[in-house]
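Chemist: Would you mind keeping the following structure in view while I ask a few things?
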Amino acid sequence: MSRFLTQEWLDDSRRASDILREWPALSIRLQSVVTGGPGANIESYWVFEDGKMTEAQLGRLEDPEVTMTVVHDEAAKILKGEADPSALILRGTVKTTGNMAKVMALLPILNSTEFKQFLTDVADVTEF
């Protein structure tokens, strides 16, 4: 078990992402900011190449294509399968800035069976 939003958790997430199939149309450098959790805001970044996660690290990405900001409780709900990430993005609950074409390309992947299984696998090894 790894604690939510720690580097160990990001490493576990990267390993779990091996189940995701290739999405040739999706390459994205994504900055994530999780606010309102215990302690300070958590910044991390995720790099996907052809739909495969190649990096997941704490910190700031020098040149993110997209930045997503979400409240801690909503981030946990997404991971637990209690909230639809696409709907939260479209409603503005997950605030997005940057290349909106990349965000729109991400939406079908977030609704895929593989991505939902990925979330379940990560949630199963996460201490909230």
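Chemist: Any residue in segment 50-65 that is free of Cβ contacts under 8 Å to residues at least 60 places away in the same chain sitting within a Cβ distance under 6 Å of a residue that is of a type in the set (Gly, Ala, Ser) and part of a strand (DSSP E or B)? List the pairs, counting only those 6 or more apart or interchain.
Modeler: Sorted first by the residue in segment 50-65, then by its partner, the pairs are Leu58/Ser44; Glu65/Gly98.
Chemist: Out of all the residues in segment 97-115, which are under 20 Å from Glu49 (Cβ atoms) and among the β-branched types (Val, Ile, Thr)?
Modeler: Matches in segment 97-115: Val103, Ile109.
Chemist: Give the residue, chosen from Ala25, Ala56, that is within 21 Å of Ile89 (Cβ to Cβ), buried (at least 16 other Cβ atoms within 10 Å of the Cβ) and of a type in the set (A, V, I, L, M). Break it down into steps so the answer makes sense when it comes.
Modeler: Values: Ala25 fails: buried (at least 16 other Cβ atoms within 10 Å of the Cβ).
Answer to the selection: Ala56.
Chemist: Within segment 11-18, identify whether any single residue is surrounded by 15 or more Cβ atoms within 10 Å (Cβ to Cβ) and free of Cβ contacts under 8 Å to residues at least 40 places away in the same chain, and answer yes or no. Let's see the steps before the verdict.
Modeler: Quick first cut of segment 11-18, residues surrounded by 15 or more Cβ atoms within 10 Å (Cβ to Cβ) only: 12-14, 16-17.
In the following step, the residues that additionally are free of Cβ contacts under 8 Å to residues at least 40 places away in the same chain were identified as none.
Looking for residues that are surrounded by 15 or more Cβ atoms within 10 Å (Cβ to Cβ) and free of Cβ contacts under 8 Å to residues at least 40 places away in the same chain, one finds none in segment 11-18, hence no.
Chemist: Is it the case that some residue within segment 10-20 is farther than 17 Å from Asp121 by Cβ and not aromatic (Phe, Trp, Tyr)?
Modeler: Within segment 10-20, not a single residue is farther than 17 Å from Asp121 by Cβ and not aromatic (Phe, Trp, Tyr).
Chemist: Taking interchain pairs and intrachain pairs at least six residues apart, which have beta carbon atoms under 7 angstrom, with the first residue in segment 99-128 and under 15 Å from Ala16 (Cβ atoms) and part of a helix (DSSP H, G or I) and the second modelled with pLDDT under 95 and among the basic types (Lys, Arg)?
Modeler: Qualifying pairs under 7 Å: Glu114/Arg21.
Chemist: Would you point out the residue of segment 1-17, among those that are modelled with pLDDT of 95 or more and of a type in the set (S, T, N, Q), that is nearest to Gly51 (Cα to Cα)?
Modeler: If we take residues in segment 1-17 being modelled with pLDDT of 95 or more and of a type in the set (S, T, N, Q), then Ser13 is nearest to Gly51 (Cα to Cα).
Chemist: While we're on this one: Going by what's in this entry, would Arg21 be described as of a type in the set (Lys, Arg) and modelled with pLDDT under 95?
Modeler: The answer is yes for Arg21.
Chemist: Moving on to the next point. Identify all residues within segment 29-56 that are farther than 14 Å from Leu5 by Cβ and over 12 Å from the mean Cα position of the chain (by Cα); write none if there are none.
Modeler: Selection gives Glu49, Asp50, Gly51, Lys52, Thr54.
The values are calculated or read from the model by the stated rules, or taken from the named source; none is laboratory data. All values reported here derive from a predicted model rather than from experimental measurement. When we count neighbours, we look across all protein chains shown, and the Cβ atoms used for this are built from the backbone with ideal geometry, even at glycine.
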